[in-house]
Structure formats: structure tokens, C-alpha cells
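To keep things clear, I will list the structure first and then write my remarks on it.
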Amino acid sequence: MKNLAKWFGIIALAAVIVFSMTACGDPQPANGNEPASGKLTITNFGSTLSTDNWVVGISNNDGLYLSFASVLPEITEEKDRLEKGVKVSGSTITLNVYSFDDESDTYEPYTGTVTIPSEKLSIIELKASEFDYSDIVNAYINSAPIIITNGNATINFSTQMQASVGGGS
């Protein structure tokens, strides 16, 4: 029952994030001059993540909303966020780290330092490259704090992540 409540909590958090974005501004233009962002490197995931799938991540830690994606997320005309994942291949996955600024309704590359407490970071495995709730294969949450220093962190998937109810192996 505790795991079921945790799963619903993650879904509720994701829904709150998506619906809170309905008041966001115009889409951000994609350009090749994007400032460097921090990197989240995921290691030691073995066969838990399928090579046919894609991965994105989100974290909402006391008002600091971080997105882990392949490129700078965009805000669509429908005021939804659009995060593109990274295809699972090899033995490591590297995602760029972005923060969302509520005042300007924009994403920016994140290069700060923060400790994300347990159960505040989700890694979401998708069937497609863009985040869409209908494409979720599995969801995982951090079981240990994740320390991001100057925008960079490494997650040992087998020791720092756990499957959410209804997801994972």
C-alpha cells in the first residue's frame, strides 16, 4: 500500500508540474548558441533500462524545478513543456540539466549546486523521444540523495534509484 501511495505521489507531482505550466509564456526558440548546461550521467543500469527506449528526468525540490533532457526544453503553444529524451545505449546515459524559471517562464541551463533529497528526482523511461505520459514504460525515483555540483552529477542507477510502483524490474 505504501508503494502504491508513492506511485500516485509521483504521478500527482508530474501532473502538478504539467498543469502549472499552463500559464507559461511563448515557446523558446531553438538555437545552436545554447550556453553549456550541467550534465547528469547515469551509470550501472544494466538491463533495467531497455535499449529500445528513451530516458528523461525531472525534479522539484522546494521550488527548484530541474529537467534532465537531451536539449533545452521548450514551452509549446498549448503551454505544455516539451522535453526530449536520450536513447538508452551503451553503459552510460548523459542528460543535460536545465532549471525552470517561474518568473520568466523559461528554461535555462543549470550550473548550480544542490542536494536533491531522496524521492525528489524521477527518471522516466519512455517508448518515444519526447515526453508523453502515454509513452511511459517505467518510472524510477532516487532512493538516496543526489548531489549536483556545478550542474553535474553521476547516478549509480543500481544503488541510488528504485522502481516506482507499477514500474521497473
Residue count, region 82-95, condition in contact with a strand residue (DSSP E or B) (Cβ under 8 Å, 6 or more places away or on another chain) and surrounded by fewer than 22 Cβ atoms within 10 Å (Cβ to Cβ), comes to 8
Regarding region 55-71, can at least one residue be identified that is within 22 Å of TYR140 (Cα to Cα), among the acidic types (Asp, Glu) and at pLDDT 85 or above? yes
Is one or more of the residues making up region 25-32 outside any loop (DSSP other than H, G, I, E, B) and either out of contact with any Leu (no Cβ under 6 Å at 6 or more places or on another chain) or at pLDDT 85 or above (or both)? no
Any residue in region 73-81 that is modelled with pLDDT of 85 or more, buried (at least 17 other Cβ atoms within 10 Å of the Cβ) and assigned to a loop (DSSP other than H, G, I, E, B)? no
I'd like the residue in region 119-151 that is assigned to a loop (DSSP other than H, G, I, E, B), of a type outside the set (Lys, Arg) and touching a strand residue (DSSP E or B) at 6+ places or on another chain (Cβ under 6 Å) and, out of all such residues, is farthest from ASP62 (Cα to Cα). SER129
Boolean, THR113 is over 19 Å from VAL137 (Cβ atoms), free of Cβ contacts under 8 Å to residues at least 40 places away in the same chain, surrounded by fewer than 22 Cβ atoms within 10 Å (Cβ to Cβ) and out of contact with any Pro (no Cβ under 8 Å at 6 or more places or on another chain): yes
Members of region 35-61 found to be of a type in the set (Ser, Thr, Tyr) and either assigned to a strand (DSSP E or B) or surrounded by 23 or more Cβ atoms within 10 Å (Cβ to Cβ) (or both), listed by number: SER37, THR41, THR43, SER59
Would you confirm, using the coordinates I've provided, whether SER50 is over 15 Å from ILE141 (Cα atoms) and at pLDDT 65 or above? yes
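The values are calculated or read from the model by the stated rules, or taken from the named source; none is laboratory data. Because the structure is a prediction, the values reported are computed rather than measured. As a convention, Cβ positions derive from the backbone with ideal geometry for all residues, glycine included, and neighbour counts pool all protein chains shown.
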